[in-house]
Amino acid sequence: MNRTSKLEANNLQQLFTALQDKGYVTVGPTLRDEAIVYDRIGSANELPVGWSDEQSPANYRLTKRSDDSYFGFNATPQSWKKFLYPPLRKLFTMRRDGKSLELSNESDANIKYAFVGVRPCELSAILIQDKVFQSGEYRDDAYSAARRDLFIVAVNCTTAGGTCFCSSMKTGPEAQKDFDISLTEVFRDGAHFFVVKIGSELGASIMELVETGAASAEEIETTDAMLRQTESQMNKTMETDGLPRLLAENLEHPHWEDVAKRCLTCGNCTMVCPTCFCSTVEDITDLSGQNAERLRRWDSCFTVDFSKVAGGNFRISTKSRYRQWLTHKLSSWVEQFGVSGCVGCGRCITWCPVGIDLTAEVQAIRGAETQQRKGD
Ligand code: SF4
Ligand code: SF4
């Protein structure tokens, strides 16, 4: 089968049907509570047809498009991690049986998900979480089970959101690999279609079940031009050269105090971030003392409890908590996992209630250091 083809938009439903016939639970973007969220959806009609979003620091709102694009919007409030690494997971249940204890593991890990609409930056975030949960000494078997059966339909970005900076992080706006199929949506001069690229043999086998045609050289060039335009539209940037060193050498920079005056330590940035992975464990028992559960819940390095240990709390100030988050993301993460912890999706900027923008905070530290060097 040709690795690049053309799918007419009114045949998109065939892709959903093919995936479902192969046993996949299809998940994709859909409208809910005045936002675009990822949820289980059964058909192409449930996609946010004709909707876009406006994003800037501390601002997200839906806007209506002048066309019927399926994927004409940018990063959603939630990321795909809610399916691979759910906000709350029951690790096990314990039941007292006379003098013995009965333990049972609960898992929904055998669900075969097909993610429809994974943006290139989000694909990079999934690969980062693969490193976190599937390498090293401590592995997450439930994550691995969900990940093993995952089918990824990537969707390239033909518009840049107001807080995106994927081109700085080299994660977008086009997915290069690690997907099963990728789609680039074209809505031009009354024509509405997708240029499809096959990324795996599994992807090829699914596309065999979908009616496609040949994509002309002109149509492929159209999508390439759209993606170049997206890159040029991105109004946020982050200079990554020497960034891990810059932050590691500026732990006492006065700018951390400046951010601390604005930061509410609400933890929103960590909740929306597609790569953040901190969690805590809670045990719950019933009043009879016969049953207990152990739960794992997302946690955040911004909470006071997160850094509470025997003998006290080692990260009590707002300054130290914001600094921990940013230096982990952009500096020590590289040492730990070999890649940056940021993919440039911009969610933490959009959903920070006071509009703290990590690209600006990094620039403030870089600018001050550059000034100082000039003065030396
Ligand atoms: S940076 Fe913004 S989102 Fe993150 S904890 Fe501070 S106020 Fe909340
Ligand atoms: S740190 Fe912010 S911009 Fe970077 S991946 Fe996380 S949410 Fe996206």
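Remarks
- For the stretch 259-265, putting each phi into the Karplus relation 6.51 cos²θ - 1.76 cosθ + 1.60 with θ = phi - 60° gives couplings of 5, 4, 5, 9, 5, 9, 6 Hz, in residue order, rounded to whole numbers and with x for Gly and Pro.
- Extension gain (nm, one decimal) between Ala292 and Asn59, 0.36 nm per residue minus Cα-Cα: 79.7 nm
- Calculated on C-alpha atoms, the gyration radius of the stretch 277-352 divided by its Kirkwood radius gives an Rg/Rh of 1.10.
- Heavy-atom accessible surface of the chain: percent carbon and sulfur, 1.4 Å: 48
- Here the ratio of the Cα radius of gyration of the stretch 318-363 to 2.2 N^0.38 Å is 1.16.
- Anisotropy class of the chain from Cα gyration tensor, a/c 1.5 cut: oblate
- More than 18 angstrom apart: percent of Cα pairs within the stretch 77-166: 55
- Near the amide H of Ile41, within less than 5 Å, lie the amide hydrogens of Thr26, Val27, Gly28, all on another chain or at least 5 residues away, with H placed in the peptide plane.
- Evaluated with a Cβ-only charge set (Lys, Arg +1; Asp, Glu -1), the chain carries a dipole of roughly 1020 debye about its Cα centre, given to the nearest 20.
- Sequence-distant residues sharing a close amide H with Gly355 (under 5 Å, placed H): Ala58
- Distant-in-sequence amide H partners of Val118 (H built 1.01 Å from N, under 5 Å): Val153, Ala154, Val155
- Cα-based shape type of the stretch 150-224, given that a ≥ b ≥ c are square roots of the gyration tensor eigenvalues and the cut on a/c is 1.5: oblate
- Within the stretch 145-197, the trypsin sites (Lys or Arg not before Pro) that combine a DSSP coil assignment with at most 16 other C-beta atoms in a 10 angstrom radius are Lys170, Lys177.
- Distance (nanometres) between label positions extended 7 Å along Cα→Cβ at Glu137 and Leu103: 2.0
- The residue among Ser69, Thr93, Ile41 whose Cα reaches farthest toward the positive pole of the charge dipole of the stretch 34-148, with charges on the beta-carbon of Lys, Arg, Asp and Glu, is Thr93.
- Using a cut-off of 25 Å between Cα atoms, the listed pairs Lys236/Lys329; Lys82/Lys261; Lys112/Lys170 include Lys82/Lys261; Lys112/Lys170 as exceeding that distance.
- Taking the DSSP bridge list for the stretch 4-233 and keeping only pairs wholly inside it, about 75 percent are antiparallel.
- Kirkwood hydrodynamic radius of the stretch 57-125, from inverse mean 1/r over distinct Cα pairs, in Å: 16.4
The values are calculated or read from the model by the stated rules, or taken from the named source; none is laboratory data. The model shown is predicted, which means the values in this text are computed figures rather than measured ones. For neighbour counting, all protein chains shown are included, and Cβ atoms are generated from backbone atoms with ideal geometry for every residue, glycine included. These accessible areas exclude ligands, DNA and RNA; they are computed on the full protein's heavy atoms, side chains included. Shrake-Rupley method; radii C 1.70, N 1.55, O 1.52, S 1.80 Å.
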